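Worksheet: one structure, shown below.
Quick note: the coordinates plus some simple rules give every number you see, no bench work behind them. Please read all numbers here as calculations on a predicted model, not as lab measurements. Positions of Cβ are generated from backbone atoms using ideal geometry, with glycine treated the same way; all protein chains shown enter the neighbour counts.
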Amino acid sequence: MQYADTQRQNKRTIAFVPTMGFLHKGHLALMEAGREHVDDLVVSIFVNPAQFGPNEDLATYPRALEKDLDLCRDMGASAVFTPEVSEIYPQGFQTYVELEKLPLHLCGLSRPVFFKGVATVVSKLFNIVKPHVAVFGQKDFQQLTLIKQMVKDLNFDIDIIGVPIVREEDGLAMSSRNKYLSGDQRSNALVLHRALLRSQEMISKGITDPGEILIQARKILESCPDIKIDYVSICDPLTLDEVNCINGSVLMAIAVMLGKTRLIDNNVMEFNR
Ligand code: AMP
């Protein structure tokens with residue numbers, strides 16, 4: 001990207017926010033956080049085919065490019081990168097980036113190609129945009145963890161910043177996929193946040209057995225018709241290994257299918273004996 005070379009020659013620092021578009025306030029929070037650290041903000045909008053499985057929603061993923069470009073402009077982005085699929089994956093493309101352990105947890109189990117697609121596209125975007133700082137949401141906690149590991153393992157000279165989950169007023173984590181939800185599903189989707197809050201409450205009362213907390217969380221999720229739990233996990237926020245006892249910081253992560261829509265949410269919780 002010539003833009004990146006020119007900015008770097010002019011000693012300007014670049015923050016990068018990769019997205020798949022259909023932007024909402026969660027994405028905007030990432031842009032705001034990025035802008036704080038540098039001179040220039042670059043956003044990418046690219047629905048990455050490599051991270052979708054064959055039965056997933058690549059074809060129907062919501063898109064609104066013109067509106068997204070306006071939002072990026074309003075947020076002060078100096079460039080928006082919107083490549084075609086053939087630009088990122090030209091004919092003959094054959095090099096992928098894959099992490100060994102982190103994808104063997106949580107979303108990686110039911111989405112086997114997902115993190116290979118994410119790590120590959122993010123590496124490519126890093127090489128194209130040449131940022132000093134890149135910003136990711138804690139909404140996709142596993143993705144953030146994996147990117148931090150990849151940046152360390154592959155010596156990318158980029159600071160990774162994580163931004164807390166932005167929620168709707170009623171607690172639903174913002175997501176481009178919320179657009180798929182019918183009115184009833186939209187209200188039912190609140191069970192994810194409710195399950196996380198209840199778990200947080202149990203931990204703050206001193207309950208440290210993850211099993212006990214997970215039973216309650218599952219009950220709350222299963223109170224919703226039309227829901228299929230993919231996973232509910234209490235794990236170490238660095239390795240993503242499940243924990244047997246809560247002591248210190250843990251990640252509670254949830255993924256469900258609500259009808260045909262996949263929803264994820266999480267919370268980092270703390271209990272110190
Ligand atoms: P996506 O366009 O869904 O691939 O997301 C692009 C970036 O925005 C990722 O780093 C996500 O983690 C982040 N993001 C998406 N939704 C939220 C949210 N509700 N709060 C914070 N970050 C988010």
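Starting from residues that are assigned to a strand (DSSP E or B) and without any contact (Cβ under 8 Å) to a residue 40 or more places away in the chain, keep the ones in the stretch 210-230 and report whichever is surrounded by the fewest Cβ atoms within 10 Å (Cβ to Cβ). Out of the qualifying residues, it is 228.
Among residues of the stretch 166-209 being outside any helix (DSSP H, G or I), of a type in the set (D, E, K, R) and over 28 Å from residue 33 (Cα atoms), the one that is farthest from the ligand (Cβ to nearest atom) is 209.
The number of residues in the stretch 255-270 being in a strand (DSSP E or B) and surrounded by fewer than 18 Cβ atoms within 10 Å (Cβ to Cβ) comes to 3. Within the stretch 117-146, restricting attention to residues that are of a type in the set (A, V, I, L, M, F, W, C) and more than 12 Å from the ligand (Cβ to nearest atom), the residue that is nearest to residue 160 (Cα to Cα) is 133.
Listed by first and then second residue, the pairs with beta-carbon distance under 7 Å, at least 6 apart or on different chains, first residue in the stretch 134-160 and more than 19 Å from residue 263 (Cα to Cα), second basic (Lys, Arg) and in a helix (DSSP H, G or I), are 160/148. Tell me which residues, restricted to the stretch 150-170, are under 17 Å from the mean Cα position of the chain (by Cα) and more than 18 Å from residue 131 (Cβ to Cβ). Residues satisfying the conditions are 164, 165, 166, 167, 168. When every residue of the stretch 183-193 is checked against the conditions, at least one turns out to be touching a residue at least 24 places away in the same chain (Cβ under 8 Å) and within 14 Å of residue 269 (Cα to Cα). On inspection, residue 78 does not qualify as closer than 20 Å to residue 56 by Cβ, surrounded by fewer than 20 Cβ atoms within 10 Å (Cβ to Cβ) and either touching an Asp or Glu at 6+ places or on another chain (Cβ under 9 Å) or aliphatic (A, V, I, L, M) (or both).
Within the stretch 231-254, the set of residues being under 16 Å from the mean Cα position of the chain (by Cα) and either surrounded by fewer than 13 Cβ atoms within 10 Å (Cβ to Cβ) or of a type in the set (A, V, I, L, M) (or both) comprises 238, 240, 251, 252, 253, 254.
Picking from residues in the stretch 147-159 that are in contact with a Phe, Trp or Tyr (Cβ under 7 Å, 6 or more places away or on another chain) and more than 10 Å from the ligand (Cβ to nearest atom), the one that is nearest to residue 6 (Cα to Cα) is 158.
For every residue, the table says whether it meets (1) surrounded by fewer than 18 Cβ atoms within 10 Å (Cβ to Cβ); (2) under 23 Å from residue 230 (Cβ atoms); (3) small (Gly, Ala, Ser).
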{"site": "38", "(1), (2), (3)": "no, no, no"}
{"site": "57", "(1), (2), (3)": "yes, yes, no"}
{"site": "106", "(1), (2), (3)": "no, yes, no"}
{"site": "119", "(1), (2), (3)": "no, yes, yes"}
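Here residue 142 clears all of (1) buried (at least 20 other Cβ atoms within 10 Å of the Cβ); (2) more than 26 Å from residue 171 (Cβ to Cβ) except the condition numbered (2).
Condition check ((1) surrounded by 20 or more Cβ atoms within 10 Å (Cβ to Cβ); (2) within 14 Å of the ligand (Cβ to nearest atom); (3) within 25 Å of residue 172 (Cβ to Cβ); (4) not small (Gly, Ala, Ser)) across all residues:
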residue: 10; (1), (2), (3), (4): no, no, no, yes
residue: 15; (1), (2), (3), (4): yes, yes, no, no
residue: 63; (1), (2), (3), (4): no, yes, yes, yes
residue: 66; (1), (2), (3), (4): no, no, no, yes
residue: 72; (1), (2), (3), (4): yes, yes, yes, yes
residue: 84; (1), (2), (3), (4): no, no, no, yes
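Residues in the stretch 163-196 that are in contact with a helix residue (DSSP H, G or I) (Cβ under 6 Å, 6 or more places away or on another chain), crowded, with 17+ Cβ neighbours inside 10 Å and under 13 Å from residue 138 (Cβ atoms): 163, 165, 166, 173, 174.
Only a single criterion out of (1) touching a Pro at 6+ places or on another chain (Cβ under 8 Å); (2) of a type outside the set (Val, Ile, Thr); (3) over 17 Å from residue 196 (Cα atoms) is not satisfied by residue 259, namely (1).
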